[in-house]
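Read the structure below first, then the notes.
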Amino acid sequence: MTENAPLTKKDFSSDQEVRWCPGCGDYAILAAVQRTLPKVGATLENTVFISGIGCSSRFPYYMNTYGFHTIHGRAPAFATGLKVVRPDLDVWVISGDGDSLSIGGNHMLHVLRRNVNLQYLLFNNQIYGLTKGQYSPTSDVGQISPSSPYGSIDQPVTPVRIALGAGARFVARGYDVSKQLPDVLEAAHRFQGASFVEILQNCPVFNDGVFDLITDRKKGPQHQLWLEHGQPMTFGKNGEMGVRLNPQTLSAEIVTLGENGITEADLLVHDETNRNIAWLIADLPDVKALGVLYREDGPVYDESVRQQVQMAEERAKGADLKSLLREGHTWTVS
Amino acid sequence: MSDVEKANGTASELPRELLDSVVIRFAGDSGDGMQLTGMQFTTATALMGNDLATFPDFPAEIRAPAGTTYGVSGFQIHFADHDILTPGDAPDVLVAMNPAALKVNLPELKRGGLLVVNTGAFTKGNLKKAGYDTNPLEDGSTDPYRLLDLDISKLSLNAVAELGLGAKDAGRTKNMWTLGLMFWLFGRDRQSTVDWLEKKFAKKPDIAQANILALNAGHIYGESAEMPSGIGVYQVPKAELEPGEYRNIDGNQALAWGLATGGKLASLPVFYGSYPITPASSLLHNLAKLKHLGVTTFQAEDEIAAVCAAIGASFGGAVGVTGTSGPGVALKGEAIGLAIATELPLIVCDVQRGGPSTGLPTKTEQSDLFQAVWGRNGDAPLIVLAAATPGDCFHMAIEAVRLSTKYMTPVVLLTDGYIANGAEPWKLPDLDAIAPFPVHFHTDTEGFFPFQRDPETLARVWAKPGTPGLQHRIGGLEKNQHSGHISYDPDNHHAMVKLRAQKVANVAKDVPEATLELGEAGGDVLVVGWGSTYGSIRQAVQHTMKKGAKVAHLHLRNIWPLPRGLEDLMKSFDKVIIAELNDGQLLKLLRAELLTDAIGHQKIAGQPFRVSELVEMIETHLPGGSDARPSAVA
C-alpha cells in the first residue's frame, strides 16, 4: 500500500481466520462493512469496532482497525466512554439480539437516547447462537429450542420499535445478503449521532431460514418495503403493492394498487423525519420496512460534553489546581 | 470536660473557662439541618485555628418520619488546642433538638456534660414518638448533666417575627439560632456563617436575612440572658499545627482533587463514570465541578455502564475512573476482570459502607477488603490501596493514578463513609513538589504486538486508537502472550495467569516498605490497622505508650500487594493484633499470606472505633493483662 492509495475492502480485513459457521449471515455483513468503510473515507487507525458477547461480537477480530471485544451487553457503555474522551474516532458498536435486547437492553436504551455519535449495528437472528440455540428476545412465540422444548411463551420485541421508543434519531433496517446493505450503512455513517441499524441475519445452524420470506431472491421482493424519503410507499415486483394509513385504526395496512380503486395518491408518503410514521411501518405483517425508517438531527452527546468543558474553561478564567485547593476558606498557621 | 483554668475576658466580657479539647454533638431530626449546623461550626472552628475532626452520622432516609428515633441525624465535632486524630468518643456537649435526639444520644453524653435542649419540641406527641412515657426533662433523667433547656423553637420564631415569613420558613431557623448560641458559648466568630448564608440564599434574600437574624439572636441570647449556674463560656486555644496554609477537607473532596491532580501528573485527561450511591455520590458531585481541570464526568445508567465507560475511556488514552460503594463494586466485577485481562488502567474508588447487600448505607464499615482483593471470577489480581484519613485520600488518589498507568492494571482504592464524610484541617500540599509521572503512549510500529511488555514492570504497552499502524484488537478472551491473538493453548493460559499475577506482585518493589507509625520493633504488642481506623488506633497506641507499654502501631495503605518488610516487622512482636471494622478480613488475608498467628479485634457496628475501647483492648493483651500470652511456652 502506498501512502495515498485509496483503501480497499482488503485493507480493512485483518489477518485472522474468520470462524463463523459456514453459511452464517455474518460473513455477508462483514463484507458489506468492509466494502462501506473505504467508500466513506474511513481510515484504519481512526476506526474502532466495539462489541459485546455473542456470535456477532467476534466481528472486531476480523477488522484491520482498532477493536475491543468487551463483555456481554455492555458494548454501548464502553463506546460511550471512548467517544466522550475521543470524539475524533469513528466508532461502530456490533451487537446481537441477545446482547442488545436482553442482557444489554439498558445500555442500548441509553446510548440511543443520549445520541452518542456512533453506528450501532444489531445483528438479529432471533436466536442465541453462541450458547447453542436457546430462544432470544426476538424469537417468535412458539419457537422450539433447547430451553423452550414446548415452544417459547415470551412475547418478542421489535428492535426498531425499541430504538424509536428510546428516542433514537436514526433508525434503519437491512438484511445480511442484501445488495443495498452498504447503502444503509453509508447513511448510518453519515448521520451525526447514534445511528441504529437492525440487520436481519440468518443463523444456518440454529434458526435456518427464519427470514426466508423476506430475503428469498424470488419471493422476497413481495415482502420488502424499501423506503425512500418523500416517495409513496410502494413495493412488490412491479411496485403493485403499497402501504396505506387506516384512519379508523391509526395503523398502516398493506394494499394492492388498482384493487378497490386504490391509487398511489392513497398511499403513505415516507417522511423520515416523522417518528409516528416510522413507528407505524416498523412492524407490518409479513412485510419488512427496509432502509431508513427515521432520521432527524439533534444534539450530539459527545459534542455537548465538549461544549460544557469549553464553557467551564471559559468561566474558570485560568483557575488551576492550586487555586482549587484554595477555594473557600483557608487559613495560615505560622 | 478537661482541665480547667480561668482565662481572661473575651468579646463577651465574661471570663472564659480554658479547655484543651471539646467534643460537641449536634443532634436533631433529619430535617432539622444538623449536618449544616455542624459544618458551619466546623468552618468557624477551623478558622479559629483549632485542630479538629468531625463525624456526621445520619439516617439513610432523607426525611424519616419526624420525631422518630430512627430519623435522628447527628454531627459530632472534636476540636482542640493540640493535634487530634478522631472525632472523639463520648461528647462533652450534646445539643438535642427534640426528644428522639435526646433519647438516642443522652446515654453517650459524659456525666457532668453540658446538655442543650430545645424544650419547644418536647410536646406530648414527640415524647411518645421517641418512646418516652414521662418527660425526661422533668423525671430526673437529666440530673447527671448540666442542663440548659430553652424553647429554641419559640425563641427563633420571635427573632424572625419582624420579617413576616411563613411558619415553615420561620420554623427552619432554629438550627441557626442554636448555632449562634454555640458560637457564643465557645467563642467562635459568626462571620463565616453569615458569608455562607448570604451566598447560599443569594436569590432568596429574606431567607438569608431570617437565618442571620436567628444566628445573631442565639448569640445575643447567650450574651445577655442569665445562664444557670455551672454554665459559662469556654475557650479552646489555637492548636500548635505545623506551619503552612490550611483548609478543611472531607475525604470525597480530597479524593476528587487527588484524581484531578493525578491526571495532570500523568499528563492525561481524567474520565469519571459513576452511578449515584451513598456514600460515594459526593465524589461525583465534586468531580463534576472540575471540567476546567481536565476531568470529564459521566453519570451512567447503572454501575456496570459506569465502569465500562471508564474502561472505554482508558482504551482511548484517558485515565478511566469509576467510584461507588460495596454494592456497586459487586456489579462492576465482570468489567473489572475485563480491564485486568486487557491490561488497561482503571481506578475503582470504593467508599465502603455497612454490608452485605444494601446493608447500612450511611454507616461506615471496612468489609469490602475481600471483595477488592479477590472479588472476581478467575485468577484476577489487581492493586488494592486504602486511604487512612480524609486528607490522605488526596495522596492515595495520586498513587492510584500513578500505579494504574505505570502497571497497566486496575487499582481499587478503598475509603469508607467515615473518612468520605468526615472533615479535618488539611495542610495544603506543595503541588510543585510532587514528581510528575507522564504517560508515554506506544507509537513504534516496528515489531508491534499489543501485549509487548516492559521487562521490568511487566506492564504491556499502551497503544491508543488513532495511532497509525498499531491497529489491534483486545478483549476478554485469553490472548497469546506474544501475538495478542485469541489463544486456547493450555500452557499459554498458565503463563498469562502467572504473568498478570507477577505484574501486580512487582508493585511491592515500587511502594514504601512497611514501617511503624508509632513504637519500636520487638515490643510486646503490635496493632495493625488499615484505612479509616488510623486515627483511633494511633491515639490508642499513643495512650498506652505513655503509660510505658511496649506497644506499636503499623498502618497498611498497600493492601495488595502487601508491602515489603511486613512479615519481619510483625514477627518481631510478641503479639500482633489486627484491628478492623469487619469480621476479620485483613486478619484472614495476613494469616493466609504470611502464616502469622495474629489475633483479630473486630467491631462491626457501623461505627468507627472509639479510642477508649481500643486502649482497653490493648491493655488486656499487654503482659499481665487478661489476654496476655502465657510467659512459658508449652
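The values are calculated or read from the model by the stated rules, or taken from the named source; none is laboratory data. The model shown is predicted, which means the values in this text are computed figures rather than measured ones. Cβ: placed from backbone, ideal geometry, glycine included. Neighbour counts: every protein chain shown.
Looking for something closer than 22 Å to A:Ser178 by Cα, more than 9 Å from every other protein chain (Cβ to nearest Cβ), surrounded by fewer than 24 Cβ atoms within 10 Å (Cβ to Cβ) and not polar (S, T, N, Q) - is there at least one such residue anywhere in region A:2-10? Yes, because at least one residue in region A:2-10 is closer than 22 Å to A:Ser178 by Cα, more than 9 Å from every other protein chain (Cβ to nearest Cβ), surrounded by fewer than 24 Cβ atoms within 10 Å (Cβ to Cβ) and not polar (S, T, N, Q).
Total residues in region B:443-483 satisfying the condition of being part of a strand (DSSP E or B) and either basic (Lys, Arg) or without any contact (Cβ under 8 Å) to a residue 24 or more places away in the chain (or both): the figure is 4.
Of all residues in region B:242-261, those being part of a strand (DSSP E or B) and at negative phi number 6.
Against the test of being touching a Lys or Arg at 6+ places or on another chain (Cβ under 6 Å), more than 27 Å from A:Tyr66 (Cβ to Cβ) and away from chain A (no Cβ under 14 Å), the options B:Gly222, B:Gly230, B:Gly251, B:Gly218 yield a single qualifying residue, B:Gly230.
Scanning region B:102-118 for residues that are surrounded by fewer than 19 Cβ atoms within 10 Å (Cβ to Cβ) and either basic (Lys, Arg) or closer than 13 Å to B:Asp89 by Cα (or both) yields a count of 4.
Taking the criterion of being among the small types (Gly, Ala, Ser), within 12 Å of chain A (Cβ to nearest Cβ) and touching an Asp or Glu at 6+ places or on another chain (Cβ under 7 Å), would at least one residue in region B:520-536 satisfy it? No: region B:520-536 contains no residue that is among the small types (Gly, Ala, Ser), within 12 Å of chain A (Cβ to nearest Cβ) and touching an Asp or Glu at 6+ places or on another chain (Cβ under 7 Å).
Please determine whether any residue of region B:414-429 is away from every other protein chain (no Cβ under 14 Å), surrounded by fewer than 18 Cβ atoms within 10 Å (Cβ to Cβ) and either among the aliphatic types (A, V, I, L, M) or more than 30 Å from B:Met496 (Cα to Cα) (or both). Looking through region B:414-429, none of the residues is away from every other protein chain (no Cβ under 14 Å), surrounded by fewer than 18 Cβ atoms within 10 Å (Cβ to Cβ) and either among the aliphatic types (A, V, I, L, M) or more than 30 Å from B:Met496 (Cα to Cα) (or both).
Considering region B:318-334, and only residues there that are at the interface with chain A (Cβ under 10 Å from one of its Cβ atoms) and among the small types (Gly, Ala, Ser), the residue that is surrounded by the fewest Cβ atoms within 10 Å (Cβ to Cβ) turns out to be B:Ala318. Looking only at residues in region A:25-41 that are without any contact (Cβ under 8 Å) to a residue 60 or more places away in the chain and hydrophobic (A, V, I, L, M, F, W, C), the one that is farthest from the other protein chains (Cβ to nearest Cβ) is A:Ala31. Looking only at region B:276-294, decide whether some residue is more than 7 Å from every other protein chain (Cβ to nearest Cβ), farther than 22 Å from B:Met396 by Cβ and not in a strand (DSSP E or B). Yes, some residue in region B:276-294 is more than 7 Å from every other protein chain (Cβ to nearest Cβ), farther than 22 Å from B:Met396 by Cβ and not in a strand (DSSP E or B).
Of the residues making up region A:111-125, those that are surrounded by 21 or more Cβ atoms within 10 Å (Cβ to Cβ), more than 22 Å from A:Ala31 (Cβ to Cβ) and not hydrophobic (A, V, I, L, M, F, W, C) are A:Arg114, A:Asn115.
Among the residues of region B:535-562, those that are assigned to a loop (DSSP other than H, G, I, E, B) and surrounded by fewer than 19 Cβ atoms within 10 Å (Cβ to Cβ) comprise B:Lys547, B:Gly548, B:Lys550.
Selection within region B:138-177: residues that are in contact with a Phe, Trp or Tyr (Cβ under 7 Å, 6 or more places away or on another chain) and closer than 23 Å to B:Lys124 by Cα. The member of this set that is surrounded by the most Cβ atoms within 10 Å (Cβ to Cβ) is B:Ser156. In contact (Cβ under 8 Å) with a residue 60 or more places away in the chain, among the hydrophobic types (A, V, I, L, M, F, W, C) and within 20 Å of A:Leu290 (Cα to Cα) - does that describe any residue in region A:84-97? There is no residue in region A:84-97 that is in contact (Cβ under 8 Å) with a residue 60 or more places away in the chain, among the hydrophobic types (A, V, I, L, M, F, W, C) and within 20 Å of A:Leu290 (Cα to Cα). Among the residues of region A:42-53, are any more than 19 Å from the chain's Cα centre (by Cα) and more than 12 Å from chain B (Cβ to nearest Cβ)? No. From the list B:Lys238, B:Lys204, the one residue that fits, being of a type in the set (Lys, Arg) and within 14 Å of chain A (Cβ to nearest Cβ), is B:Lys238. Looking at region B:110-136, which of the residues that are part of a loop (DSSP other than H, G, I, E, B) and polar (S, T, N, Q) is farthest from B:Thr178 (Cα to Cα)? The residue in question is B:Thr134. Applying a threshold of 8 Å to beta carbon distances and a minimum spacing of six or more residues, or different chains, the list of pairs starting in region B:124-135 at a residue that is of a type in the set (Phe, Trp, Tyr) and ending at one that is crowded, with 19+ Cβ neighbours inside 10 Å and part of a helix (DSSP H, G or I) reads B:Tyr132/B:Pro99; B:Tyr132/B:Lys103. Looking at region B:429-447, which of its residues are at pLDDT 95 or above and either within 17 Å of B:Ser483 (Cα to Cα) or of a type in the set (Ser, Thr, Tyr) (or both)? If the condition is that a residue be at pLDDT 95 or above and either within 17 Å of B:Ser483 (Cα to Cα) or of a type in the set (Ser, Thr, Tyr) (or both), then B:His442, B:Thr443, B:Asp444, B:Thr445, B:Glu446 are the ones that fit. Residues in region A:61-85 that are within 7 Å of chain B (Cβ to nearest Cβ), over 25 Å from B:Val321 (Cα atoms) and not aromatic (Phe, Trp, Tyr): A:Asn64, A:Thr65. If you go through region B:95-102 one residue at a time, do you hit one that is within 14 Å of chain A (Cβ to nearest Cβ) and in contact (Cβ under 8 Å) with a residue 60 or more places away in the chain? The answer is no; no qualifying residue exists. Of the strands (runs of 3 or more DSSP E) lying entirely inside region B:5-103, the ones with 1 or more residues being at pLDDT 90 or above and over 24 Å from B:Val233 (Cβ atoms) are found at B:21-29, B:51-57, B:72-80.
Among the criteria (1) facing another protein chain (nearest Cβ under 7 Å); (2) assigned to a helix (DSSP H, G or I); (3) surrounded by 15 or more Cβ atoms within 10 Å (Cβ to Cβ), the one A:Lys322 does not fulfil is (3).
Screening B:Pro361 with (1) within 14 Å of chain A (Cβ to nearest Cβ); (2) in contact with a helix residue (DSSP H, G or I) (Cβ under 9 Å, 6 or more places away or on another chain) gives one miss only, at (1). Summed over region B:565-612, residues that are closer than 18 Å to B:Leu518 by Cα, modelled with pLDDT of 95 or more and surrounded by fewer than 18 Cβ atoms within 10 Å (Cβ to Cβ) total 6. Region B:330-430 holds no strands (runs of 3 or more DSSP E) entirely within its bounds that carry 1 or more residues that are free of Cβ contacts under 8 Å to residues at least 12 places away in the same chain. Condition test on A:Val309, is it facing chain B (nearest Cβ under 7 Å), at pLDDT 95 or above and out of contact with any strand residue (DSSP E or B) (no Cβ under 6 Å at 6 or more places or on another chain)? Against the criterion (facing chain B (nearest Cβ under 7 Å), at pLDDT 95 or above and out of contact with any strand residue (DSSP E or B) (no Cβ under 6 Å at 6 or more places or on another chain)), A:Val309 qualifies.
For region A:134-169, taking the residues that are of a type in the set (Gly, Ala, Ser) and buried (at least 18 other Cβ atoms within 10 Å of the Cβ), the one that is farthest from A:Asn274 (Cα to Cα) is identified as A:Ser145.
The listed residues are B:Pro455, B:Pro410, and the only one of them that is away from chain A (no Cβ under 12 Å) and buried (at least 23 other Cβ atoms within 10 Å of the Cβ) turns out to be B:Pro410.
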